Every structure is written in C-alpha cells, then in structure tokens.
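Engineer: Before I ask anything, here is the structure I am working with.
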Amino acid sequence: MRTRFEDRGLRFKRVIASTALQSLAMKRIASFLAITVLLLSSAVAQNATVKAELDSTQILIGDQVNLDLTVEFNDMIPVAWPTFKDTITGQLEIVKVSIPDTIKKETGETIIHQRLVLTSFDTGFIALPPIAFMFNADSAQTLATEPLLIFVSDIPVEMEADIKDIKEPYDVPFNWQSLIKWGLLALLVIALIVAGILLWKKYRKVPEAPKTRLKPKRPAHEIALEELEELRHKKLWQNNQTKQFYIELSDIVREYIEFRFDVLALEMTTQETVSALKLKGLDETKTQSLKQMLQMADLAKFAKYTPISNENEQCFDIARAFVNATLVMPLDEPKVEQGKG
Amino acid sequence: MTDIKQINEMIEKESAFVDIITMEMDKVIVGQKHMVESLLIGLLSKGHILLEGVPGLAKTLAINTLASTINAGFSRIQFTPDLLPADVVGTQIYNQKTGGFDVRKGPIFSNFILADEINRAPAKVQSALLEAMQEKQVTIGDTTYKLEEPFLVMATMNPIEQEGTYPLPEAQVDRFMLKVVISYPNKADEAQIIRHNMAGEFPKANSVLKPEDIIKARDVVRQVYMDEKIEKYIVDIVFASRYPQDNGLAKLKDLISFGGSPRASIALAKAAKSYAFIKRRGYVIPEDVRAVCNDVLRHRIGLTYEAEAENITSEEIIADILNTVEVP
C-alpha cells in the first residue's frame, strides 16, 4: 500500500515528464517555422531588401526618435505596405507618419522610404518588433526588418540640488510672411476706418445750431428806434399790409424788451410780457399803454382785425414812446468800480 | 364763416351758459377752477378727459356735478379687477318667452360716463371702453349701436396705490384729449370745505342745460378763428416735443422717449379753440394754446429712464418747450 506522499511524488514526476515532452514538441515546431521563414527570406532576398533604422537607440523620456523604413527591390512589386496606427507596441507611440517616397534608380532598382516619428513615455529597454512587408500577392512572400532595441532613460534627479522652475515656453520662430500678412491686414482695417470716418463726415446730418440770440453790442433802444424808423418808411399799413405792420411792430417792441429788461418777451404772450415787466418794477402807466398796443397787435395778427389809420398811428407812437421812456443811456449804467490796489 | 365780428357776436350769445354752468359747479365744488375749466373744454371739444389726483380731491364729485348741470343721461362705472367688457358695453340675454336673445345695453349707452378708477380694471375692459370712446359705437352680437351725442367719458385715476392696478398703455391714454392733474386746494378753499361739511350744507347743482345746447355750442366752437400763425405755433410746440435737439433744446433729447403725435396737434388746436370760446373770444391767441398745453401734452410725452431717474416730469419738459418756442 502506497502512502499519500508516495502518490504525490509519482504524480509530480508524471507532470514533469509531460511538460518536458510538450517543450520538446514546441522547440521542434519553432525550428521548423524558423527554417521555413529563412528559406522564404533567402528566396526573396535575392531580389529585395528591407531595412529599419533608428537615428538614435537611446532617448530621454518623451523625446522623439525617427524610424526610417527602406525597401529596395528589383522587379518585385510591393503589394502591401504595413499600416501604422497610434502605436507600434504599447510603449512606442507614433507621433507622425510620412508619405512613402519612391525613388527609381538608373540601375532599375526601386527604393521606397518612409519615416515614422516615435516617442515613448515609459523608461527602460523597449523592443521594436520586426516590421513585415509582403511581396507578390500571388506567392505571398514576406520580408521582415530586424528587431531593434531602444533605451528610454529617465531624467536623472539631483536630490541635493535646488528645485528648478519649469522651462520657459519656446519662442515662436520669427516669420516675415506672417508679419507682412498681418501688417497688410492692419493697414486695410485702418484704411477702412479712415474711409468710414470720411464718409460719415461727408454725409452726416449736421444738426442745426441752437437758436441763440446774442445780446447786441449797441444799446437796445438805438436798434429799436432805428427799426421803428425803418418800419415807418416801409408804409405797410398805408399799402394795405396792416397785419405785416403789426407783426413787425410787435417784434421790434418785444425784442427791445428782451434785451433791455432781460425778459424772454419773444417767447411770451402779451399777458405774460406785461406781467414780467410789472415784476421788473415798471410803473402801471407804461405797462398799460404797452398792453393796449400789444393787444391791438394780437387782434391784427390773430383775429383778422383791421385797425383804422388812427389806431395804427397811435400804436406806433405808443411803441416809440415806450422805448424812449424806458431807454437806458450808456452814462446811466452803473460804473464798475476799479480795483483798489 | 370768417367774419370775426359775427363770430364774436355769436359767441357772446352762445357762451352765456358757461357762466351758468360754472356758477352751478361752484355751488358744489370749492376751488378747483382749473379742473372745472378743463371739464368744460372737454365738453366743448368732444374730447374725453382723464382726471388724475390723490383720493379726496372731488374728482368724482366734479364729474357728477357737471353731468347733473346738463339734463342728459349719466352713468357711473366703478372699475374693479373682476369687471368684464360685457358689464360696460352690454350683452345678449336669453329670453325664455320668445326663445331668442335680447340685447341688454350696458352703462356706456349714456351721454356722460364716469369711469371711476379706470386703472383698476383689466386691459380687456379698458380697451372695450376706449374702443367705444374712439369709434362712438358699440357692437353687441351682430348689431352695431351708435352712441348718443353728446358722448363724453370722464375717467379718474389714482396716482398712488399702484398695487393691483393695470396702467393704461400709451396708445390708449392718447385717446383722452386732456389729462388733468388735480392738486390740493389752497388754505382758504380748504377752510371753506370744512365749514360746508360742519354745517351739513351739501348744495346740489341744478340742471340748467339741454344736450342740444352743448351740440349747438360745439358748432360755434368749430367756427372760432385760428390764424395760420397760431397753427404754426402749435406745430412748433409739438415738433419741439418730438425733435427737441432741432429746436435749441438738446438737453431734452435724452429725457424724451417719444413726443406728441398728430393727435396731440389736433387736440391742442381743438382745446385752444374751446378755451377761446370760454374766454368769449372768436379767435385764438397764443395765450389759449399755452393755457391748454399742459393738459393736452402731459400724457403724450414719453419720458426716458434718465428722466424718471432724475425725477423730471413731463410738465417740466413742456415748460421748457414753451419757454423756448417763439410766440408768434
């Protein structure tokens, strides 16, 4: 009777023997495949070569390295160029893939070249596997590049050194073309703005200047008396232009009041003008006759009333008398006291 | 008719009732001469009136009194938030006996309508009233009914207590010819009001006029002569409210959002004629225009936010305009 330990040992020996047999079988298959590939390669190799070259086998983490793939062949036509995606292996990333470049030699050979820019963010040795190219679709012959090895090193950390700041951003290389392009664009914008301003100035609606009545330099009574004389010479009411006579007469008087008494008589009605003059201290007799004259003017202006000749003359006399009675001679004006030292 | 002498004579004859109405109203209303005058202007110009004032200023009483001096129909509608358009214009009611619909006319079918606190009713009721004011007719069901002349709406509005009110839109306010703002009475008037109340004396106005008298007076008002210089003056004032910068009033440009409409010019001319009539004149003078300018324009000039922020009122803007526009 076998013990439990003896059983276990026997089972272990059987497993070892079985594993050894499997390993032997695998080795034989691998040798067979290698011989087959070698035979095929040697057949193809007579007419074509494939090559993979790295411009550096040692890079810093994140640095980029160029992988040049070159195929040179005689009369064979490459049917399948390997396609690349984001990575070659999990650790090697493809940054950029150039378009395959074909060169025909005088000797009849054809060279196809393609450059891949690779980078890695893992450290240590990274194996670049063979890249297979298939020739002749009918016979499906394959050639593969040699496997390559890249060493990606980490940045050495100086533990005792001070902490350094990150690097400054790279300067954009100076570009004359860009400068000229932007300069022209800026000039165009400035020209458009200037043209716009000029057009706006030319076609804008100029607002009317506000109506301002400047106080004349001459005394108000002088102007009023002159204008009254002119009105008399016009002989308006004698020529059946009574309404115009009263329009002008009332305008002369109201303008005189405005400049003489600083009352906005031109913007006031008859009643308002008389009230304003009373507030300025003008006595009742003067305002009463003035009111009478202005009311007569209102009748002629707004009520189609045609006063008789006597009334016209009387109104004219009232206007002249009012100016003469209220005029201020320059000598009457208070003298401004000169500064005493 | 262009003969001023004839017009003056006619006015002298036809305007006698003005004194009688004023006297009757003075029996009831103490002071508030301007309000009474404005009511007469509205009555003579076929223009509806909006009265604005704080409570207790006799707005409703004044309108009531004016209506009672004229022997004509009078309706009072108290505007409330639950009022319906049918409550104002009328509706159709099913008649069981005839099996058809009978029309029941609303309170708007009267000569004088007092729309009390018009801003308390919702927009649809306001527009029903304002449409009737404008068209002078009401449609109930398939039938349109003309409103009887004289037809005058006098609405009151309270400027305070704005909660739960429906402010009248500008387009609808524009349909009121005059917006009269009532202010507090002076000390003497207020003392007299107290005396009346303490003595328990509440005199009533007598009916002294017939509606035909008003219609006749309106015809005379239409004949009041308005010179083209006065017309130009009115146009100048209204244009100054629209384009102040072109009339030497650049400072008002940012304060006015919109100026008076052509309806404002028409209302100003009509009201000035009525004022001249009240003053027993057959022609309009600039005083007449200035006297009615505030009531005609205050609700027709839109104020900007800047003006409201600076507490500038439309009355101040009108005063600036009147002080700048040259009187003919």
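Engineer: Hey, could you check segment B:184-225 for residues that are assigned to a loop (DSSP other than H, G, I, E, B) and over 30 Å from B:GLU149 (Cβ atoms) and say which is nearest to the other protein chains (Cβ to nearest Cβ)?
Structural biologist: Residue satisfying both the conditions and the ranking: B:ASN186.
Engineer: Right, here's the next one. Checking the condition of a type outside the set (Lys, Arg), surrounded by fewer than 18 Cβ atoms within 10 Å (Cβ to Cβ) and at pLDDT 85 or above, which residue from A:GLU255, A:GLU229 passes?
Structural biologist: Details: A:GLU255 fails: surrounded by fewer than 18 Cβ atoms within 10 Å (Cβ to Cβ).
On inspection, the qualifying residue turns out to be A:GLU229.
Engineer: Here's something else I'd like to know. Can you give me the number of residues within segment B:156-183 that are part of a loop (DSSP other than H, G, I, E, B) and either charged (D, E, K, R) or under 11 Å from the mean Cα position of the chain (by Cα) (or both)? Lay out the reasoning, then the answer.
Structural biologist: Step one: of segment B:156-183, the residues part of a loop (DSSP other than H, G, I, E, B) are B:158-169, B:174-177, B:182-183.
Narrowing further to those that are either charged (D, E, K, R) or under 11 Å from the mean Cα position of the chain (by Cα) (or both): B:161, B:163, B:174-177.
Of the residues in that region, 6 qualify.
Engineer: Given the condition at pLDDT 90 or above, over 17 Å from A:THR83 (Cα atoms) and under 49 Å from the mean Cα position of the chain (by Cα), answer yes or no: does some residue in segment A:127-149 qualify?
Structural biologist: no
Engineer: Go through (1) surrounded by fewer than 17 Cβ atoms within 10 Å (Cβ to Cβ); (2) in the same structural domain as B:GLY53 (by TED's automatic domain parsing); (3) not aromatic (Phe, Trp, Tyr) one by one and return the number of the condition B:ALA132 breaks.
Structural biologist: Result: B:ALA132 passes all but (1).
Engineer: A further question follows. Kindly provide the set of residues from segment B:304-328 that are under 16 Å from B:TYR243 (Cβ atoms), touching a strand residue (DSSP E or B) at 6+ places or on another chain (Cβ under 8 Å) and either within 14 Å of chain A (Cβ to nearest Cβ) or not in a helix (DSSP H, G or I) (or both), ordered by number.
Structural biologist: B:THR304, the sole residue that qualifies.
Engineer: Suppose we keep only residues that are within 14 Å of chain B (Cβ to nearest Cβ) and over 16 Å from A:LEU249 (Cβ atoms) within segment A:275-302. Which one would you say is surrounded by the most Cβ atoms within 10 Å (Cβ to Cβ)?
Structural biologist: A:ALA276
Engineer: Go through segment A:69-135 and tell me which strands (runs of 3 or more DSSP E), entirely inside it, have 2 or more residues that are touching a residue at least 40 places away in the same chain (Cβ under 8 Å). Spell out how you get there, then give the answer.
Structural biologist: Values: elements: A:78-80, A:92-97, A:101-104, A:110-120, A:124-128, A:132-135.
It comes to A:78-80, A:110-120, A:132-135.
Engineer: Next question, about the same structure. Under the condition of being under 17 Å from the mean Cα position of the chain (by Cα) and among the β-branched types (Val, Ile, Thr), which residue from segment B:269-303 is farthest from the other protein chains (Cβ to nearest Cβ)?
Structural biologist: So the residue we want is B:ILE301.
Engineer: Another one. Does B:THR22 satisfy being assigned by TED's automatic domain parsing to the domain that holds B:ALA188 and at negative phi?
Structural biologist: Yes: the conditions hold for B:THR22.
Engineer: Please find, among B:ILE321, B:ILE278, the residue that is touching a residue at least 60 places away in the same chain (Cβ under 8 Å) and over 30 Å from B:ILE214 (Cβ atoms).
Structural biologist: Within the list B:ILE321, B:ILE278, the selection yields B:ILE321.
Engineer: Between residues in segment B:226-244 that are farther than 15 Å from B:LEU322 by Cβ and facing another protein chain (nearest Cβ under 10 Å) and residues that are surrounded by fewer than 16 Cβ atoms within 10 Å (Cβ to Cβ) and not acidic (Asp, Glu), which pairs lie under 9 Å by C-beta distance while being six or more apart or on different chains?
Structural biologist: Sorted first by the residue in segment B:226-244, then by its partner, the pairs are B:TYR243/B:LYS253.
Engineer: Filtering segment B:256-268 down to residues that are outside any helix (DSSP H, G or I) and crowded, with 22+ Cβ neighbours inside 10 Å, which residue is farthest from the other protein chains (Cβ to nearest Cβ)?
Structural biologist: Among them, the one singled out is B:GLY260.
Engineer: Ok, one more. Restricting to segment A:226-264, give me the number of residues that are of a type in the set (Gly, Ala, Ser) and touching a Cys at 6+ places or on another chain (Cβ under 8 Å).
Structural biologist: Count: 0.
Engineer: Here is a further query. Given the conditions (1) under 30 Å from B:MET10 (Cβ atoms); (2) exposed (fewer than 15 other Cβ atoms within 10 Å of the Cβ); (3) touching a Pro at 6+ places or on another chain (Cβ under 7 Å), which single one is not true for B:ALA250?
Structural biologist: The one condition B:ALA250 does not meet is (1).
Engineer: Continuing with this model, one more query. Can you pull out the residues in segment B:11-35 that are over 10 Å from B:ALA217 (Cβ atoms), of a type in the set (A, V, I, L, M) and either touching a residue at least 12 places away in the same chain (Cβ under 8 Å) or crowded, with 19+ Cβ neighbours inside 10 Å (or both)?
Structural biologist: Residues satisfying the conditions are B:ILE20, B:ILE21, B:MET25, B:VAL28, B:ILE29, B:VAL30, B:MET35.
Engineer: Still on this model: Which one is farthest from B:ILE321 (Cα to Cα), of the residues in segment A:259-274 that are in a helix (DSSP H, G or I) and away from chain B (no Cβ under 11 Å)?
Structural biologist: It comes out as A:ARG260.
The values are calculated or read from the model by the stated rules, or taken from the named source; none is laboratory data. Model, not experiment: these values are computed from the prediction. Please note: Cβ atoms are built from the backbone with ideal geometry, for glycine as well, and neighbour counts cover all protein chains shown.
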